[in-house]
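Participant: So that we are looking at the same thing, I have put the structure below in structure tokens.
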Amino acid sequence: MKLGFFTMPMHPIGKDWQQSLREDREAFILADELGFVEGYCGEHSTDPEENITSSAIFMATLAHATRRIKLGTGTLNMPNHHPAAVASEIAMLDHLLGGRFILGISPGALPSDSEVFGNMDMARPAMFLEAINQVLQIWASEPPYNIQGQFWNISSARTHIPETGMGTIPKPLQRPHPPIVVTAVAPFSQGIAEAAARGWEPISANFLLPNWVRTHWTKYVEGCERTGRVADAANWRVAKTVFVAKDDATAKAYAMDPAGPYHYYYNTLFKKLKRRGALGVFKSDPQMPDDQVTLEGVMEQLVIHGSPGRVVEKLHEFREVTGDFGTLLYAGVDWKDPALARTYATVEALKQPAEMARFIRWVQTKPDAFFEKSRKSQRLKSKR
């Protein structure tokens, strides 16, 4: 199992924007230093709490501040961008990162973003598919372009000059294109099946109950089977909210503090989803009335906290429900207490105690096939 990092991000309204951006960058730089293999951030143009407005620009600032970690858009909301701009900008970003780039894409889910970009009442899933198809077509073809669609038309036929290259959109460093991932926030996400059929890989959101996360594997297998591809758990990324401290009491006090960043994160998310009538992700039973879903109950089920030993136990329990996956993405929150966050909210804290250090070494040295062949994996696989 590999370790990665994912942040929306989520910061208190009124917090200095420069400070939150500095802290978000520092989190990625720290993740790189600690050996995390991947890092993703989201983007929203109209949300002061989730205040990275361009995931691609943010990742570009990390090009020379990181060395090994692969960086990804998490995600690029395709209907809000012209496909030609995406193709050219992502190609440049892939070159800036030396091929350490992963293209995360989605239709976008924030209504206010959709409204300001004028596509709130449009067929956004269709826009999403047309946009990524046109981006891939640009990268796979040579100018002059003549790509016609329902939402966008892309042409350089009138201005292309072969001798100078004018009218040419650059191609990414990775050929034919960077790896593509999609995030899934709904149980039984059909988007995962469609993505898997195209060779794209899934990321399961950190605010899904474990039993709903498990359904993503089922849909991933479904999509792979449609094209004769073998579903490999090593390609499945699962985000999880985790806080580790020196002892259980310290961890619980910080993770569950009503004035703390974890509470702020889930309280904000809870209110947004409730307003949209989308609390189903927090329900173990779809028939549960909304008024029975409480913030406290949500946090108890979704936030893993404790000493290193306790966190190991909880991660094992989580994986017993979801089944095997390849990369655990640590879900970032605001650094209300920067010193505490740097010390305990990262895998560095996990490496210090002997029991956790041994566990991490054991996980990282095992090939993916080991988990596929384990007895527990076989039992879990039969339940999927």
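Participant: Confirm whether Pro202 is in a loop (DSSP other than H, G, I, E, B) and in contact with a His (Cβ under 8 Å, 6 or more places away or on another chain).
Facilitator: No: the conditions fail for Pro202.
Participant: For residues that are part of a helix (DSSP H, G or I) and in contact with a helix residue (DSSP H, G or I) (Cβ under 8 Å, 6 or more places away or on another chain), scanning just the stretch 267-287, find the one that is nearest to Glu300 (Cα to Cα). Give the steps one after another, and end with the answer.
Facilitator: Narrowing the stretch 267-287 to residues part of a helix (DSSP H, G or I): 267-275, 279-282.
Cutting the leftovers down to in contact with a helix residue (DSSP H, G or I) (Cβ under 8 Å, 6 or more places away or on another chain) gives us 267, 270, 273-274, 279, 281-282.
Numbers: Asn267: 13, Phe270: 14, Leu273: 18, Lys274: 18, Leu279: 16, Val281: 14, Phe282: 11 Å.
Ranking the candidates gives Phe282 first.
Participant: Are any residues in the stretch 1-51 assigned to a loop (DSSP other than H, G, I, E, B) and touching a Pro at 6+ places or on another chain (Cβ under 6 Å), and if so, which ones? Lay out the reasoning, then the answer.
Facilitator: Initial filter on the stretch 1-51 (assigned to a loop (DSSP other than H, G, I, E, B)): 1, 8-16, 34-37, 42-51.
Within the stretch 1-51, Ile13 is the sole residue that qualifies.
Participant: Could I ask something else about it? When the residues of the stretch 59-82 are narrowed to those that are in contact (Cβ under 8 Å) with a residue 40 or more places away in the chain and assigned to a strand (DSSP E or B), which ends up nearest to Met127 (Cα to Cα)? Outline the logic, then answer.
Facilitator: Taking the stretch 59-82 and keeping what is in contact (Cβ under 8 Å) with a residue 40 or more places away in the chain, we get 59, 65, 69, 71-72, 74-75, 78-79, 81-82.
Still in the list and also assigned to a strand (DSSP E or B): 71-72.
Values: Leu71: 25, Gly72: 21 Å.
Restricting to residues being in contact (Cβ under 8 Å) with a residue 40 or more places away in the chain and assigned to a strand (DSSP E or B), the top hit is Gly72.
Participant: In the stretch 250-259, which residues are crowded, with 16+ Cβ neighbours inside 10 Å and either within 14 Å of Glu300 (Cβ to Cβ) or modelled with pLDDT of 95 or more (or both)?
Facilitator: First, pick out the residues of the stretch 250-259 that are crowded, with 16+ Cβ neighbours inside 10 Å: 250-252, 254-256.
Across the stretch 250-259, the qualifying residues are Ala251, Lys252, Ala255, Met256.
Participant: Specify which of the listed residues (Ala197, Ala131) is at pLDDT 95 or above and surrounded by fewer than 19 Cβ atoms within 10 Å (Cβ to Cβ).
Facilitator: Numbers: Ala131 fails: surrounded by fewer than 19 Cβ atoms within 10 Å (Cβ to Cβ).
The match here is Ala197.
Participant: So, one more: Please list, ordered by first then second residue, the pairs with beta carbon atoms under 8 Å, 6 or more apart or interchain, first in the stretch 37-57 and over 16 Å from Val333 (Cα atoms), second surrounded by fewer than 20 Cβ atoms within 10 Å (Cβ to Cβ) and aromatic (Phe, Trp, Tyr).
Facilitator: Listed by first residue and then by second, the contacts come to Ser45/Phe117.
Participant: Hey, can you tell me all the residues within the stretch 224-254 that are over 17 Å from Arg319 (Cα atoms), in a loop (DSSP other than H, G, I, E, B) and touching a helix residue (DSSP H, G or I) at 6+ places or on another chain (Cβ under 8 Å)?
Facilitator: Correct list: Thr227, Arg229, Val230, Ala231, Ala245, Lys246.
Participant: Working carefully through the options Arg237, Arg214, find the one that is over 18 Å from Phe5 (Cβ atoms), of a type in the set (D, E, K, R) and crowded, with 18+ Cβ neighbours inside 10 Å.
Facilitator: Values: Arg237 fails: over 18 Å from Phe5 (Cβ atoms).
Just a single option satisfies the conditions, and that option is Arg214.
Participant: Residue under question is Gly104, and the condition is that it be in a loop (DSSP other than H, G, I, E, B) and in contact (Cβ under 8 Å) with a residue 60 or more places away in the chain; does it hold? So that I can check it myself, show each step before the final result.
Facilitator: Values: in a loop (DSSP other than H, G, I, E, B): no; in contact (Cβ under 8 Å) with a residue 60 or more places away in the chain: yes.
Spelling it out, it is not the case that Gly104 is in a loop (DSSP other than H, G, I, E, B) and in contact (Cβ under 8 Å) with a residue 60 or more places away in the chain.
Participant: Another question, if that's okay. Within the stretch 152-170, restricting attention to residues that are touching a residue at least 60 places away in the same chain (Cβ under 8 Å) and closer than 20 Å to Pro125 by Cα, which residue is surrounded by the fewest Cβ atoms within 10 Å (Cβ to Cβ)? Quick ask: steps written out before the conclusion?
Facilitator: Start the filter on the stretch 152-170 by keeping residues that are touching a residue at least 60 places away in the same chain (Cβ under 8 Å), which leaves 152, 154, 169-170.
Add one more test, that the residue is closer than 20 Å to Pro125 by Cα, and what stays is 152, 154.
Details: Trp152: 15, Ile154: 18.
Applying the filter and picking the extreme gives Trp152.
Participant: Can you give me the number of residues within the stretch 113-165 that are of a type outside the set (Ser, Thr, Tyr), assigned to a loop (DSSP other than H, G, I, E, B) and in contact with a helix residue (DSSP H, G or I) (Cβ under 8 Å, 6 or more places away or on another chain)?
Facilitator: Here is the first cut: in the stretch 113-165, the ones of a type outside the set (Ser, Thr, Tyr) are 113, 115-140, 142-144, 146-154, 157-158, 160-163, 165.
Next, only the ones that are assigned to a loop (DSSP other than H, G, I, E, B) stay: 117-123, 142-144, 149-152, 157-158, 160, 162-163, 165.
Next, from what is left, pick out any that are in contact with a helix residue (DSSP H, G or I) (Cβ under 8 Å, 6 or more places away or on another chain): 117, 119-120, 122, 149-152.
Matching residues across the stretch 113-165 total 8.
Participant: Restricting attention to the stretch 321-350, and to residues there that are modelled with pLDDT of 95 or more and assigned to a helix (DSSP H, G or I), which single residue is nearest to Ser20 (Cα to Cα)?
Facilitator: Thr322
The values are calculated or read from the model by the stated rules, or taken from the named source; none is laboratory data. Model, not experiment: these values are computed from the prediction. Glycine also receives a Cβ, built like all others from the backbone with ideal geometry; neighbour counts cover every protein chain displayed.
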